[in-house]
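Nothing in this text is a laboratory measurement; each read-out follows from the coordinates by a stated rule. The shown structure was predicted, so the numbers you read here are calculated from the model rather than taken from an experiment. So basically every Cβ, Gly included, is an ideal-geometry build from the backbone, and we count neighbours across all protein chains shown.
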Amino acid sequence: MIDLRAYAQLVRLPNLPTALADICLGVLASHALPQHSRAFVVLLLASACLYSAGMVWNDYFDCEQDARERPFRPLPSGRISLRQAAQLGAGLLAAGVLLAWLAGRTSLFLAVCLAAAIVAYDGWLKHTWAGPLTMGTCRFLNVLLGISACGSLLWPRGAHLALIVGLYIVGVTWFARTEARQRSNQNALCSAAAVMLVSLLLALPLPAFLPEGQHSSFLFPYLLVGLGFWVGVPIVHAIGNPVPSQVQSSIKRSLMALILLDAVLATATAGTIGLGILLLLVPSVYLNRKNWLYAT
């Protein structure tokens, strides 16, 4: 009998809405709806597959380490075999690329690049200095994948928008590198937090780059400041007392804030309708509260 709980844990189901939020941000920023609704749907599915594949390959390559530090996880506990994980990871990567192909050549190219970045991160770069940069690149490409629903990348506006999300994830990934240690390096935590702050500051001029006839929501700057405080308070606490519980708590909030960040950025590029992305918080919060699921 298939252990659905184990597979939900393997693909980090609570974090999946964050990948979908990137696609929604890109689609709203490119004003692709309703003309490109079909592309929107297939890109949502493509992103879900690629994100889930990344989580599977993450645990596949970390199986020996998890056997020592997290023996309860699906692979080291034996609930899912390494062979099953490899088959699932490869199948999800292929499905993600094929689905993106249905949205057009630009989407196909981005999906191939994203798949390559996922494998490179999980297989070789995760524990190197390039790890956070590669993870940020994955998010950068995911936002561009959403923008590609309209058939172009809105250069350079699209790259600016994707860079904000990508840089934010560089900071979060860097912040999380020593989360399991008794005490994380405070200098590293400060540097990672500074990267996250820079990403939010880069968002401020977004409304100035909108084409004529498009308007941002008046709420945008206030929402951005509120998001900064909501994420920043636990980060400041973690820097002041860098024990695993404090660091991991701030990371969990920073990851959930991805949906909030996408929604705030969408209000800058598409108006108040961008707040619709917040609906993705419902499954994310619900799944994060399930004791049998883990997000990190």
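What the table shows:
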{"quantity": "Within a Gaussian network of the chain (alpha carbon springs, distance under 10 Å), most fluctuating of Ser249, Ser148, Ser52", "calculated": "Ser249"}
{"quantity": "Extent along principal axes [Cα atoms of the chain; Å; largest to smallest]", "calculated": "57, 46, 33"}
{"quantity": "Cβ charges +1 (Lys, Arg) and -1 (Asp, Glu), total dipole of the chain, debye", "calculated": "420 debye"}
{"quantity": "Choice from Ala238, Ala130, Ala48 with maximal GNM fluctuation in the chain (Cα, 10 Å cutoff)", "calculated": "Ala130"}
{"quantity": "Sites matching chymotrypsin sites (Phe, Trp or Tyr not before Pro) across the range 148-190 that sit in DSSP coil, with at most 13 neighbouring C-beta atoms within 10 Å", "calculated": "none"}
{"quantity": "Rounded Å value of the spacing that divides the Cα centres of the range 64-127 and the range 136-151", "calculated": "18 Å"}
{"quantity": "Most fluctuating residue given options Pro156, Pro17, Pro207, as computed from a GNM of the chain linking Cα atoms under 10 Å", "calculated": "Pro156"}
{"quantity": "Extension gain (nm, one decimal) between Arg79 and Asn241, 0.36 nm per residue minus Cα-Cα", "calculated": "54.7 nm"}
{"quantity": "Theoretical FRET efficiency, 1/(1+(r/R0)^6), r = Cβ-Cβ of Ala130 and Ser249, R0 30 Å, to 0.05", "calculated": "0.65"}
{"quantity": "Chymotrypsin sites (Phe, Trp or Tyr not before Pro) restricted to DSSP loop in the range 1-98 with at most 12 other C-beta within 10 Å", "calculated": "Phe72"}
{"quantity": "Kyte-Doolittle mean at least 1.0, axial Cα span of 15 Å or more - DSSP H helices of the chain", "calculated": "16-29, 37-61, 82-101, 105-120, 131-147, 157-175, 186-203, 220-240"}
{"quantity": "Length gained when the stretch Ile2-Arg70 is fully extended (0.36 nm per residue, less Cα-Cα span)", "calculated": "22.3 nm"}
{"quantity": "Shape call, the range 192-296: gyration tensor on alpha carbons, a/c limit 1.5", "calculated": "oblate"}
{"quantity": "Mean Cα-pair separation over length for the range 4-288, i.e. relative contact order, pairs under 8 Å, 6 or more apart, %", "calculated": "23 percent"}
{"quantity": "Value at 222 nm in deg cm²/dmol, rounded to 500, when DSSP H runs of n ≥ 4 in the chain each add -39,500 (n - 2.57)", "calculated": "-22500 deg cm²/dmol"}
{"quantity": "Neighbour-limited loop hits for trypsin sites (Lys or Arg not before Pro), the range 122-224 (at most 14 other Cβ within 10 Å; DSSP other than H, G, I, E, B)", "calculated": "Arg181, Arg183"}
